[in-house]
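Student: I am attaching a structure below and will ask some questions about it afterwards.
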C-alpha cells in the first residue's frame, strides 16, 4: 500500500463491533394461544378462513380505505369477499364487487348484502 492510501484509511472511521442488546431491550416472541376451532367447523373450512380473512383485510388496509371512499374489488372469491367486507368495516361509502361468475356475485349479495 502506498503512503497516501494508508493516511486516507486512518482518517476513515473504523467499524464498531456490534454488541448484544441487554435482555430487557430484546423483543419478546409472541406467544398468544390461538382460539380453538368449534367442533362443527371442519378443518378444511378453518384452513381457508385463516387465509382469506387476513389477506382481504390486508388488501383493504394497504389500499388505505377511509370513510367516504368508493372501492372496487375484482374477484368475488373468498379473498375478494373479505376485502369487500373489510372495506365496509373501514368505512367505505360504496363497495363494488366485480366477477365473471354469477354464483359468486349471488353469494356476495346473500352473505355481505347490499348496504343502503
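Any read-out appearing in this document is the output of simple, stated calculations on the displayed coordinates, not a laboratory observation. Computed from a prediction, not measured in an experiment: that's the story for all the values here. Note: ideal-geometry Cβ built from the backbone for every residue, glycine included; neighbour counts use all protein chains shown.
Student: In nm, to one decimal, how far is the modelled label at residue 102 from the one at residue 41, with both set 7 Å along Cα→Cβ?
Tutor: In this crude spin-label approximation the distance works out to 3.2 nm.
Student: Any idea how far apart residue 48 and residue 89 come out in nm if each label point goes 7 Å out from Cα toward Cβ?
Tutor: About 1.9 nm separates the two model spin labels.
Student: What length, rounded to one decimal in nm, is gained on full extension from residue 112 through to residue 61, with 0.36 nm per residue of separation minus their alpha-carbon distance? Walk me through the numbers on the way to the answer.
Tutor: Details: separation 51, 0.36 × 51 = 18.36 nm, distance 1.85 nm.
Full extension from residue 112 to residue 61 adds 16.5 nm.
Student: Now a separate question. Given segment 55-116 reduced to its alpha-carbon atoms as identical point scatterers, what log10 I(q)/I(0) does the Debye formula return at q = 0.23, 0.28 Å⁻¹?
Tutor: Normalising to I(0) and taking log10 leaves -0.86, -1.22.
Student: Ok, one more. Give me 41, 95 sorted ascending by neighbouring Cβ count inside 10 Å, so fewest comes first. Write down the numbers at each step before the final one.
Tutor: Numbers: 41 10, 95 23.
The order, fewest Cβ neighbours first, is 41, 95.
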